[in-house]
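Notes for the one structure printed next.
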Amino acid sequence: MNIRELASQMLQVRFDFEIEEVPSEGCTVLYDGSSAKVGGATKPALARAYMLLAKGISEGKKEIRVKQTANFDVCGVMLDMSFGSVTKPAGVKKYLNYMALFGMNMLMLYTEDTYEVEGYPLFGYQRGRYTLSELRELDDYAADLGIEIIPCIQTFGHLKQFLRYKANAAISENDTVLLHGEAKTYELIDACVATCRKAFRSRRIHIGCDETRGLGLGASLRRDGFRDRFEIFNEHITRVVEICGKYDFHPMMWSDMYFSLAGKTGKAFALDAEIPQYAIDSMPEADMVFWEYYTKKNEFYAHNIEVHKTFNRKTVFAGGIWTWRGQAPNFRHTYNTASPALQECIKGGVKEVFAAAWAYGDINHIQALPCLGVYSEYCWQGIDVTKEEIDEVAGFVTGLCGEMCEAISDFYCKEPGDCIGKAILWSDPLINLLCYNYDLPKYAECFQQALTVFEKYPDAPYCEFYKVLFRCALAKAKLHISFRDRYKKGDRAWLQTFAAETLPAMKKDFEALFELHERLWHEECKTHGWEKLGNAYAAAISRIGYAKREVERYLKGEITEIEALEPEVVDSLRNKGVSAKNVMNTYL
């Protein structure tokens, strides 16, 4: 891989002057206006050096002097390829190119069952699974960039898609967790790890094992009676670690189960968790991955980093890239949660970090690329890096400036929890389940302000998609603000215009959004998974048409009332509304 050519092509900058590549312990750029010296201890560090040179040139600088040393030995990304979609190999390669420019050196492909395993035809069946040849191709490409791909699989929980088949009943603890102590379970795990060995160069493997809910309380309870759940967990992990060793892998695992089994609330990394010493003593030799995507408080991260040190295992930290709640990345929340976490990782001596980009199929990973800047710049610029400095680098590399990212984040309306924009977008035009806890005028203003920002950056990546997305959400918010109220007041003139103009315009925008989203999906993702979103769009468009027909029937006197608009709001339910994923139907 010619790093100079890659940087020039990706960043659209011509290096038409003499450049000497020199040895460097970190990342070095020296430029005097006519020639340059760039250096990197690794290929990603060298790619970053070229990126910083290109950035300085694009800003008109006549002198550039940069010397950066990484705060983390490993700074990478985990891309979810299981919950909603599987990115095509070409899309993963594109992502790897951007990672190199940021100076990031590790990628995980989170594959629960989305990779082929010999002897298990139902593993990833109709889920867009990667073939062995595709995985090898990606590993070769990443290696050429100096980026390590670490397989990231599941060997205990999170296997619902595979275990839904009756043929797998013998290895099911429950509908998501494998049955520990069953020989056939370990035959499957052996086959999975063997596939990873065939596909990847890395000597490291992530074996998952998070959120194994119902552990010891399903089929094994009937088989063995009640047993200590720490003992069950460690026994199983020990078997998995032995299998990894058989294939020359050193494993890492999510560490949350030790906390959730010990805490009073059952939540991951609860501050009240007191992990029994016997549970720690019987832990197998595996690195511990401390994950957290929600908390904004430094003290939370500092506390849990210290607790992880009691495991006497290497601690790896995984923060979040907020891609999993809606049709737009939440750049703002990514920064607000990752920034304190990475600060405490630097203070606490954590040397390996990665960003976990979970994606439930609403967007593709390329849309969230600017989020990488939070991780790369804490790695290379250090604990005192500012948000403005992060935005500068991320904006230059990806083409999405900080103002644009903030506007896109307004799909979440600056609220914690569920994605407000997604809930409003999918809400039913007639049956308003949002009325109990949604400040619709406030959110409508938020969408309108974002649309104003989008007009300033018409050439920004995905700008047209976001414009139509926010327009649809704004229209739905305005509908809920006025529709029922106007109906109850008997404003027939308003209803006439609503049926003749407003709803048809909304339907047209939703159809346009459907087409744009479908195109974006198929540019980056395999086809499997789109059917879920396609069904949601079809339902939304259908219900807009139905609402139009209902109003027309009412105006013509064919019905005496619009039944769905009659129920009064129950005041006792205010601030106790349904979650965003449940706003489309009254019967689930």
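For this structure, a couple of remarks:
- Subset of the stretch 425-440 [touching a residue at least 60 places away in the same chain (Cβ under 8 Å) and of a type outside the set (S, T, N, Q)]: LEU425, TRP426, ASP428, PRO429, LEU430, ILE431, LEU433, LEU434, CYS435, TYR436, TYR438
- Flag if THR238 is in a loop (DSSP other than H, G, I, E, B) and either within 21 Å of LEU179 (Cα to Cα) or not assigned by TED's automatic domain parsing to the domain that holds VAL177 (or both): no
- Any chance THR69 is over 22 Å from the mean Cα position of the chain (by Cα) and closer than 17 Å to PHE200 by Cβ: no
- Pair list, Cβ < 6 Å and 6+ apart or interchain, from the stretch 283-300 residues that are closer than 14 Å to ASP256 by Cβ to residues that are among the hydrophobic types (A, V, I, L, M, F, W, C) and in a helix (DSSP H, G or I): ALA286/VAL241
- Among the conditions (1) within 27 Å of LYS581 (Cα to Cα); (2) in a loop (DSSP other than H, G, I, E, B); (3) not aromatic (Phe, Trp, Tyr), the only one that PRO441 does not satisfy is (2).
- Residue check, VAL92 in the same structural domain as CYS345 (by TED's automatic domain parsing), buried (at least 21 other Cβ atoms within 10 Å of the Cβ) and either closer than 28 Å to ALA318 by Cα or modelled with pLDDT of 95 or more (or both): yes
- ILE147 in the same structural domain as VAL289 (by TED's automatic domain parsing) and closer than 30 Å to ASP281 by Cβ: no
- Top-ranked residue in the stretch 483-510 [being part of a helix (DSSP H, G or I) and of a type in the set (Gly, Ala, Ser); ranked as surrounded by the fewest Cβ atoms within 10 Å (Cβ to Cβ)]: ALA493
- Residue match in the stretch 97-104 (condition: closer than 30 Å to TRP521 by Cβ, of a type in the set (Ser, Thr, Tyr) and assigned to a helix (DSSP H, G or I)): yes
- Residue check for ARG204: within 30 Å of MET106 (Cα to Cα), in contact with a strand residue (DSSP E or B) (Cβ under 9 Å, 6 or more places away or on another chain) and in contact (Cβ under 8 Å) with a residue 40 or more places away in the chain: yes
- In the stretch 461-509, the residue that is nearest to the chain's Cα centre (by Cα) out of those that are closer than 30 Å to MET10 by Cα and among the aliphatic types (A, V, I, L, M) is LEU469.
- Single unsatisfied condition, MET253 versus (1) crowded, with 21+ Cβ neighbours inside 10 Å; (2) under 29 Å from the mean Cα position of the chain (by Cα); (3) in a helix (DSSP H, G or I): (3)
- Boolean, LYS532 is modelled with pLDDT under 95 and outside the structural domain of ASP362 (by TED's automatic domain parsing): yes
- Flag if GLY84 is surrounded by 16 or more Cβ atoms within 10 Å (Cβ to Cβ), modelled with pLDDT under 95 and either in the same structural domain as VAL385 (by TED's automatic domain parsing) or on the phi > 0 side of the Ramachandran plot (or both): yes
- Residue in the stretch 280-292 that is more than 30 Å from GLY382 (Cβ to Cβ) and out of contact with any helix residue (DSSP H, G or I) (no Cβ under 7 Å at 6 or more places or on another chain) present: yes
- Total residues in the stretch 560-577, condition in a loop (DSSP other than H, G, I, E, B) and either modelled with pLDDT of 70 or more or among the polar types (S, T, N, Q) (or both): 9
- Criterion (crowded, with 18+ Cβ neighbours inside 10 Å, over 30 Å from GLY395 (Cβ atoms) and at pLDDT 95 or above) met by exactly one of LEU122, LEU101, LEU135: LEU135
The values are calculated or read from the model by the stated rules, or taken from the named source; none is laboratory data. Predicted model, so just to flag it, every value in this text is computed and none were measured. So basically every Cβ, Gly included, is an ideal-geometry build from the backbone, and we count neighbours across all protein chains shown.
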